[in-house]
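Structure first, then comments.
Each value in this text was obtained by applying a stated rule to the coordinates, not by laboratory testing. Model, not experiment: these values are computed from the prediction. Glycine gets a Cβ as well: all are built from the backbone with ideal geometry, and neighbour counts include every protein chain shown.
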Amino acid sequence: MEKALLRLIGIKKDKVLTGPERLEIEIINYCNINCLTCWFFSPLGSFYKEKPWKMELEVFKRIINEAKILGVESICIPGIGEPTLHPNLPEMILETKKARLPLHIATNLTVTSKRILKSLCLCDRIDITLLAPTKELYKELQSPSCPEYFDQVLENITYLKSSQNPNKKQKIYIMFILNKLNFKYFKNMLELAKKLNLDGIEIQPFDTTPFNKNLSLDYSEIKSFIKEKNKLKKRYPFIEDTFFEEYYKNKFENQKLKRCYMGYFTLLVGIKGKVKVGCFSPQSPSAGNIYKRSLTEIWYSPKAQKIRNEYKYNLDKIHKSESHCPFLTRNRKISKIIQFF
């Protein structure tokens with residue numbers, strides 16, 4: 001509670017008073033499947049041209065040690081690439097848990113290594129990118145060359161659920177990226193999630209690139225989907241749709257976000273050690289590099305504070321559209337709270 005209050009006071013004073021709430025660490029930048037909806041590896045096209053890279057284990061250990069000193073409260077391993085392809089993922093997970101930090105990981109869960117799959121049992125939350133309820137649609141949307149990965153994902157989910165420690169509740173969610181090819185199969189996805197006894201299914205809006213924009217739903221399709229979704233929520237209460245709803249309010253109702261405060265809450269160590277505060281979009285500026293400076297030095301640096309101020313006071317000039325931002329709802333709540341400071 002004390003750290004949360006310090007962050008809010010820091011926003012008012014334009015000064016960081018404590019460490020970030022959450023640290024995201026990208027450990028790899030290549031993937032084994034080609035989702036049509038992916039920004040980076042869609043077979044329809046991509047602007048992403050980085051060479052294959054993975055983080056060294058010793059660098060990851062140093063980051064976790066520095067995160068603990070900085071006062072980070074949780075760790076997330078997201079995915080430009082697929083984390084389970086990293087051979088040292090089990091050691092990275094173990095290092096994070098030794099530091100007593102909650103760990104959230106995003107994955108396509110196509111992993112075939114039992115050693116790596118077993119290590120995922122230590123994670124506090126697992127988000128699985130699964131866009132289809134059938135092998136046929138999975139082949140079309142996620143893995144044209146290896147449709148058998150669909151069966152592997154289901155098998156891996158079953159393993160994780162059967163291996164859960166009853167005294168420590170691990171959360172497992174499906175990330176369902178909505179598009180023209182799968183929106184009519186949403187009820188089937190819900191049935192699959194229920195059958196697998198998952199904790200929820202989070203609807204992710206599809207933020208397009210010039211290469212895959214034809215997969216985006218139009219306004220009438222979105223309205224129709226939302227109407228059907230709201231009916232289904234009574235039967236499937238595990239539907240998570242907060243970000244989805246915010247996204248389309250922004251996109252279709254022109255409810256623009258005026259300020260972003262996430263630079264006081266979140267920190268990213270990205271590909272090749274680039275560090276970003278608050279906004280992790282490809283066009284957001286870097287505040288430093290973990291190979292050159294410590295996390296603490298970067299977090300409290302004048303450069304990082306300048307970035308925070310830009311997002312707080314000049315957001316409309318930095319981003320033409322922030323509709324894809326996962327922190328829309330939280331930013332709006334923070335705006336209301338700090339009015340009372």
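Counting DSSP beta bridges with both partners in the chain, what percentage is antiparallel, nearest 5?
Once the DSSP bridges in the chain are tallied, antiparallel ones form about 20 percent.
I need the P(r) histogram for the stretch 1-154: all alpha carbon pairs, bin width 10 Å from 0 out to the longest distance, whole percents.
Calculated P(r), rounded to whole percents: 10, 34, 30, 19, 7, 0.
How high is the relative contact order of the stretch 211-312? Use alpha-carbon pairs under 8 Å, at least six apart in sequence, and give a whole percent.
19 percent
Could I have the simple spin-label model distance between residue 209 and residue 272, label points 7 Å from Cα toward Cβ, reported in nm to one decimal?
1.7 nm
Mean separation of Cα pairs under 8 Å and 6+ residues apart, divided by the residue count of the chain: what relative contact order is that in percent?
Once divided by the residue count of the chain, the mean separation gives 18 percent.
Order these peptides, 33-44, 17-28, by their mean beta-carbon neighbour count within 10 angstrom, highest first.
By packing density, highest mean first, the sequence is 17-28, 33-44.
How big is the convex hull of the Cα atoms of the stretch 182-320, per residue, in Å³?
Working: hull volume 21.8 nm³, N = 139.
Each residue corresponds to 157 Å³ of Cα convex hull volume.
When Rg is the radius of gyration of the Cα atoms in the stretch 79-166 and Rh is its Kirkwood radius, what does Rg/Rh come to?
Looking at the stretch 79-166, the ratio lands at 0.98.
Where does the charge balance sit around residue 80 when Lys and Arg score +1, Asp and Glu -1, over other residues with C-beta under 12 Å from its C-beta?
-1
Over the chain, how many percent of alpha carbon pairs lie in each 10 Å bin up to the one with the longest distance?
P(r) over the chain, rounded to whole percents: 5, 24, 34, 28, 9, 0.
What is the projected area of the convex hull of the Cα atoms of the stretch 219-291, averaged over all directions, in nm²? Walk me through the intermediate numbers first.
On the way: hull surface 28.9 nm².
Taking the Cα atoms of the stretch 219-291, their convex hull projects to 7.2 nm² on average.
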